[in-house]
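Shown next, in structure tokens, is the structure this report addresses.
The values are calculated or read from the model by the stated rules, or taken from the named source; none is laboratory data. From a predicted model like this one, the values you see are computed outputs, not experimental measurements. So basically every Cβ, Gly included, is an ideal-geometry build from the backbone, and we count neighbours across all protein chains shown. These accessible areas exclude ligands, DNA and RNA; they are computed on the full protein's heavy atoms, side chains included. Shrake-Rupley method; radii C 1.70, N 1.55, O 1.52, S 1.80 Å.
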Amino acid sequence: MDKALARPAVVSRVSDLIGHTPLFELCRTATGSRLLLKLEQFNPTGTAKIRMARQMVLDAEDRGLLRPGGRIVESTSGNTGLGLAVIAAERGYTFTAVVDHHAAADKLRGMKALGAELVYVAEDGDEELATAAREEFAEKLAADSDNAYFTEQHNNMANGDGYRPVAHELVAALDGRIDILIGAVGTGGGLFGTGGELRTSVPGVRIVGVEPKGSIAFGPPAHDYYQSGTGTPEGATIGAMVDYGLLDEGVKVGDVEAFATARVLARRLGLLIGGSAGGVVHEALNRMSSLAPGTTMVALVNDGGEKYMDTVFDDDWMHDRDLIAPAVEREIDELLTTLREHHRSDADAPHRAN
């Protein structure tokens, strides 16, 4: 690894642990194509979004929008809020998270544990995704408070800037040999911040965005969905970082397929990933058989599955919402088994040769 990208052996702030996340080879084909997962759950708070949370705060400080002792306000489904809670604690700010009950309970508990104030825009028992209501309330709350700043992640260009180091990490780790970058699209910062920077070093990289079925960034129809922290629900504004000029292809993956993939990876490999990350991996796995020989595809896995024990990995919760599908899980398991056989055969070849 490039020394400039190396993490110091000893750090004194949690935010110094951001980045340098590992690549995990999930599988490969008989023709040498491989799928690598960029495991962003190895960041503090178990999510990629702490990268952009830090950058949004640093940018606000540089622009004089946050003064010492100020308040940060954000509308969040959890992961951005966890990151902002850490940065606020480190830098002496208070943090108010405007939330709804669509967010995973563990994310809400985590923000509270880190000192965040939670303000709900929905009543107990209302699981509807209330992005538009959250953002409207957060904007008003910040405007009505002294020395408060609404980070407004969906329209804050520092969001995308926070992900540029991901591209540098990928180029350094893979010597620039990256053919496809695939990731979830919510605010757009993660995929397009990474992809835009990656294109400066790897001009031919293909960028594929994944959103939940029911999200509107890649067109209708709109309907409710349970994948948390991703997509653009009906009534919400598409994020300013969603760069259709960078996008080669936008696809949709349903909750059933996304969650089934996350559950199979947990059981088969001991790898816990979040529900929306399951959607990204599902799409990537189904592309493997059609890849040109020797293709390297990198999937951005934005968070781990530990925050979804009460949802994606809870059979009762899944059954109650008609999301559990044993047949789909079997199909994914069989596909993964086939691809992992190629992976093991190729990996064992040098040992047999010796």
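Start at zero, step by 10 Å, and the Cα-Cα distances of segment 170-229 spread as 22, 44, 23, 11, 0 percent across the bins. Over the chain, accessible surface divided per residue gives 42 Å², non-protein components excluded, 1.4 Å probe.
Over all directions, the average projected area of the alpha-carbon convex hull for the chain comes to how many nm²? Don't skip to the answer; put the middle values down first.
Details: hull surface 73.4 nm².
Approximately 18.4 nm², given one-decimal rounding.
Quarter the surface of the alpha carbon convex hull of segment 123-204 and you get the mean projected area, 7.8 square nanometres.
Dividing the Cα radius of gyration by the Kirkwood radius, what Rg/Rh value follows for segment 48-108? Don't skip to the answer; put the middle values down first.
Numbers: Rg = 11.4 Å, Rh = 11.7 Å.
Reported Rg/Rh, Kirkwood definition of Rh: 0.98.
The value for segment 90-142 of Rg(Cα) / (2.2 N^0.38 Å) is 1.15.
The fraction of accessible area contributed by carbon and sulfur in segment 210-280 is 50 percent, rounded to a whole number (1.4 Å probe; ligands and nucleic acids excluded). Think of each Lys and Arg Cβ as +1 and each Asp and Glu Cβ as -1; about the Cα centre, that makes the dipole of the chain roughly 1460 debye.
Principal-axis analysis of the Cα atoms of the chain puts helix 49-62 at an angle of about 40° to the longest axis. Determine the shape class of segment 143-182: with a ≥ b ≥ c the square roots of the Cα gyration tensor eigenvalues, call it rounded for a/c under 1.5, and otherwise prolate if a/b is greater than b/c, oblate otherwise. Cα axes put segment 143-182 in the prolate bin. Axis of helix 79-91 versus longest Cα principal axis of the chain: the two differ by about 60°, to the nearest ten degrees.
Using only the Cα atoms of segment 1-83, what semi-axes does the equivalent ellipsoid have when each is the square root of 5 times a gyration tensor eigenvalue? Give whole Å, largest first. Kindly include the intermediate steps, with their values, before the conclusion.
On the way: eigenvalues 202, 56, 24 Å².
Each semi-axis is the square root of five times an eigenvalue, giving 32, 17, 11 Å.
Around the amide H of residue 72, modelled in the peptide plane, lie the amide H atoms of 94, 95, 96, 149, all under 5 Å away and 5 or more residues distant in sequence or on another chain.
Principal-axis analysis of the Cα atoms of the chain puts helix 164-174 at an angle of about 20° to the longest axis. For the chain, the residue among 212, 110, 15 whose Cα projects farthest onto the positive side of the dipole built from Cβ charges is 15. Within segment 42-91, the trypsin sites (Lys or Arg not before Pro) that combine a DSSP coil assignment with at most 15 other C-beta atoms in a 10 angstrom radius are 63. Here segment 26-121 carries DSSP beta bridges of which approximately 20% are antiparallel, counting only pairs with both residues inside.
Once neighbouring chains are kept in place and the probe is 1.4 Å, which whole percent of the accessible area of segment 1-123 is contributed by carbon and sulfur? Don't jump to the answer; show the numbers that get you there.
On the way: 2640 of 5120 Å².
Carbon-and-sulfur percentage of accessible area, whole number: 52.
Take the alpha-carbon positions of segment 160-302, form their convex hull, and give its projected area averaged over all directions (one quarter of the hull surface) in nm².
Values: hull surface 34.4 nm².
For segment 160-302, the mean projected area of the Cα convex hull comes to 8.6 nm².
Shape index of segment 49-193: Rg/Rh, with Rg the Cα radius of gyration and Rh the Kirkwood radius from the inverse mean 1/r over Cα pairs, equals 1.00.
Simple point charges give the picture: +1 on the Cβ of Lys and Arg, -1 on the Cβ of Asp and Glu, and for segment 163-259 a dipole about the Cα centre of about 160 debye. Once backbone amide H atoms are built at 1.01 Å from N, residue 129 has no partners under 5 Å, excluding neighbours fewer than 5 places away on the same chain.
Using the structure shown, list the pairs from 252/307; 140/252; 112/252 with a Cα-Cα distance above 28 Å, or answer none. Kindly include the intermediate steps, with their values, before the conclusion.
Working: 252/307 23 Å; 140/252 33 Å; 112/252 33 Å.
Cα-Cα > 28 Å for 140/252; 112/252; rest within.
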